[in-house]
Structures are given as structure tokens and as C-alpha cells.
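Working notes, structure below.
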Amino acid sequence: MNSKTLTMLAVGDVILHDEPPAEPFFDLVAPVLRSADVVVGQGEIPLTSRPIPTYVDFYFGSTRLAAAGNVSALSYAGFNVMHLAGNHIWDSGAPGIEDTIAGLRDLGIAYCGAGMNIDEARRPAVIERDGTRFGFLSYNCTGPIGSWAAMQKPGCAYVHIITAYETPWPVVGGYPTIYTFAEPDSLKDMVDDIQRLRPLCDVLVVHFHKGWGFVPVRLAMYEQQISYAAIDAGADLVVGDHAHILKGIEHYKGKAIFHNLGDFVTRMPEFRGERGPIDPWRLKLFSTSDGGPFFFGPGGTESVASSRGGIEQRQSIIAKCTIEGGRISQLSYIPCLLDEKGEPEILKNDERGQQVYNYMNNITKGAGLNTRYEWKGDEVLIHEE
């Protein structure tokens, strides 16, 4: 094993659903990404020029063809690994998955989490840098079921999450308590995958597409269950995406869980400008007792409601892992902010960077997680309390 110090960077959702070329979307962050030894991101949508309509194609529109030309931007930005087990990977059917995988392969970018059958979808990505091997797995925990791979069906790897509702007695029509937990067989499949990968790599990372979308602070019950199970099985790091908003960072048995990295690039016509008020039911899922209010109005003023695309959704972080002797020796994050076009900018230890720092601190404490933060230059060190 090489003793050279290595750097791994991980980012959240990458949505390249706008007219190519997509390379300019990364201009402000590419120099930092390219400086790392390993860069991993979440590919939110299929990149194809031959989509077919599917019943799960509920958001991005299978008739658009522009995204196919954007795969080259991932190489330009410096990505080495893309994890694909998201709720939109089946939006363009089998051609979408096939073309996305082919495009990544042509560029020499490793992938995990999706494939032309379930075996391929569960297959890890393993890459080596200076004698240190990095292994990656990716699982969809949000559905829809139609996006999941099967023996003879393309799709994504998954952990099946079951939801149960308990209504308060004797209040008829009251807000229920929501219980979520992993279905045992699919959880065991994930554990088996991790245990098989463990001897094949030095640093093992598990990515989950999980959590409540656009809801600050709170974690669904299953999020900690599956994260802890991944670490118990041998993962060195757990990273979440899908919620399109930052979530806190937790430590479990000395390993870190980035519950959600937020959006990283959201270039798509649907998200330009005002995105409409957030759904009223989402406001029932948090309160000031969780450390809020967390929604910000115009100019950064606090309010109890926000539009999608407001300051909360535009805040993002890059997870940074320093690797020494085949082990993660230090964790930090780099604060970022997406502009109105959905393109990220790296922030410094200044007023804007401090706003992301304060937000991360508030949501971590609000969720009761055992992590504290400390500025070191323009990065934020992550410590277990």
C-alpha cells in the first residue's frame, strides 16, 4: 500500500437537464474537483438521446433529448465515479440506463448503483490510486418500485423501505406518527454486498438515495437504520443524496454519515426562477424546537415558508476525505452556493461561507447529531463530539 496522502471529494445531486454544452456549469468548481485524487457524484437523471416514456417519468420529461450531450461535462469537471441509484434513473426506460452507462464507460468514469439487470446494479465500482483501492456501492431507498432492477430488467439497486402510519387515539383525522424501516431481505442484500466488497478495497463508501425532499433538519427513521447497518457491515463512510437540501452529519462507531450533501448542479428548465411555494404538508414536519425556523425569505431573512430554489436549497457542501495509509484520517467540507441558474460556486471563510457553516451547525444540532464543526482556512473540519 502506498503511503501517499490522497484526497477524495464527494458532491450531491448533479442534474444536467439543460441544453449542452454543460461544461460551463462547472467552471467555478472544476479547479477544486480536478485537484483531488478521487471525485464522486450522484447522477440524478439518465443521459440519453433515445428516451422512451415510462410511468415513472413524472418530472424531467422523456421527450427531451438535450441531456445526452452533457455526459462529457462530467469528465471536464473531474469526476471519476458516478453513483446512479436514484429515483429518476428509469425515467427514460432501458435506453436511458444503457446510454448513461455507455457514456460513462467511454469517458473512463466508473459507476455503480444501476445496470441492465439487478446483478449489474449491485456491482460495486472499484478504482485504485497510488496503491489505495476505493470501493463504492449505491442504493435507492425512495422508489418508485418501477425504477428498481430485476433479473431481466434494467434499473437501480435498492433497499426497500416500508412505511407505517399510526394515528393518535382518539383524535380522528389527526396527523399520524410515521414509522419507516428497511424490509429485511433487501437490507440483507445490501449487507452482503458490503461484506463482499470489504476485502477488495481499502476505503469503502456507501451512497444512499434517501430522505424527505426539501424538508430541513429531520431524518426519517430508516435513514439511521440503514446507515448504521452499512457501517456495521464494513463501510468507512456513508453519503446521502436525494433530499435537494442539506442535512446534518453524524458519527457512528467512529465513522461519518453525511446524511445529505444537497444539490450540486441543477441545470434544468423546470428549476429556473421561482419554483412555487413549498408544499404545506412539509411545514408540518418541523418546528422551532428542531433548531429552526430554517426557511429563509428574500435577503436571507427568516420565515416559515420558502420557495423551492430559495437560499436553503441553494446551499451545498463538498465532502472532503483525506486518506493516509489506506484509511480516512480527516474529514472536512467545503461550503458552496448555487446561483440562480443552478451552478455551484465554492465559498470561503467569509460572510457567505459562514452562512453555510451556521446552517450546517443548526441542522446538525437540531437533528440531535453528534458532530461539531471548526473552520480551518476555507474548509470546515468535522469532529465527533
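The values are calculated or read from the model by the stated rules, or taken from the named source; none is laboratory data. Note that the structure is predicted; figures quoted are calculated from it, not measured. Cβ placement follows ideal geometry from the backbone for every residue including glycine, while neighbour counts extend to all protein chains displayed.
Being within 18 Å of the chain's Cα centre (by Cα), within 22 Å of LYS253 (Cβ to Cβ) and surrounded by fewer than 19 Cβ atoms within 10 Å (Cβ to Cβ) is the requirement here; does MET190 meet it?
Taking the combined requirement at face value, the residue does not satisfy it.
Among the candidates SER332, SER287, which residue alone is small (Gly, Ala, Ser) and at pLDDT 50 or above?
Checking each option against the conditions leaves just SER332.
Inside the stretch 220-232, can you point out the residues that are surrounded by 19 or more Cβ atoms within 10 Å (Cβ to Cβ) and hydrophobic (A, V, I, L, M, F, W, C)?
ALA220, ILE226, ALA229, ALA230, ILE231
Which residues, taken from the stretch 128-179, are in a loop (DSSP other than H, G, I, E, B) and in contact with a helix residue (DSSP H, G or I) (Cβ under 8 Å, 6 or more places away or on another chain)?
Across the stretch 128-179, the qualifying residues are CYS141, ALA149, MET151, PRO154, ALA157, VAL159, HIS160, TYR175.
Kindly check whether there is at least one residue in the stretch 191-209 that is of a type outside the set (Gly, Ala, Ser), under 24 Å from ILE89 (Cα atoms) and at pLDDT below 95.
No, there is no match, as no residue in the stretch 191-209 is of a type outside the set (Gly, Ala, Ser), under 24 Å from ILE89 (Cα atoms) and at pLDDT below 95.
Among the residues of the stretch 332-353, are any closer than 14 Å to HIS251 by Cβ, loosely packed, with under 14 Cβ neighbours inside 10 Å and of a type in the set (D, E, K, R)?
no
Take THR177 and tell me if it is of a type in the set (Ser, Thr, Tyr) and farther than 29 Å from GLY41 by Cβ.
yes
Identify the residue in the stretch 154-177 that is in contact (Cβ under 8 Å) with a residue 40 or more places away in the chain and under 30 Å from PRO95 (Cβ atoms) and, among all such residues, is surrounded by the most Cβ atoms within 10 Å (Cβ to Cβ).
Applying the filter and picking the extreme gives ALA157.
Given the residues GLU166, GLU183, GLU120, GLU128, which is the only one that is in contact with a Pro (Cβ under 7 Å, 6 or more places away or on another chain) and among the acidic types (Asp, Glu)?
Only one candidate passes the filter, namely GLU166.
All but one of (1) surrounded by 22 or more Cβ atoms within 10 Å (Cβ to Cβ); (2) modelled with pLDDT of 95 or more hold for VAL215; state the number of the condition that does not hold.
(2)
Which residues, taken from the stretch 88-118, are assigned to a loop (DSSP other than H, G, I, E, B), crowded, with 24+ Cβ neighbours inside 10 Å and touching a helix residue (DSSP H, G or I) at 6+ places or on another chain (Cβ under 7 Å)?
ILE89, TRP90, GLY113
Filter the stretch 249-261 down to the residues that are crowded, with 24+ Cβ neighbours inside 10 Å and either of a type in the set (Phe, Trp, Tyr) or assigned to a loop (DSSP other than H, G, I, E, B) (or both) and list them by number.
PHE258, HIS259, ASN260
Hey, could you check the stretch 198-211 for residues that are of a type in the set (A, V, I, L, M, F, W, C) and surrounded by 22 or more Cβ atoms within 10 Å (Cβ to Cβ) and say which is nearest to MET360 (Cα to Cα)?
In this case the residue turns out to be PHE208.
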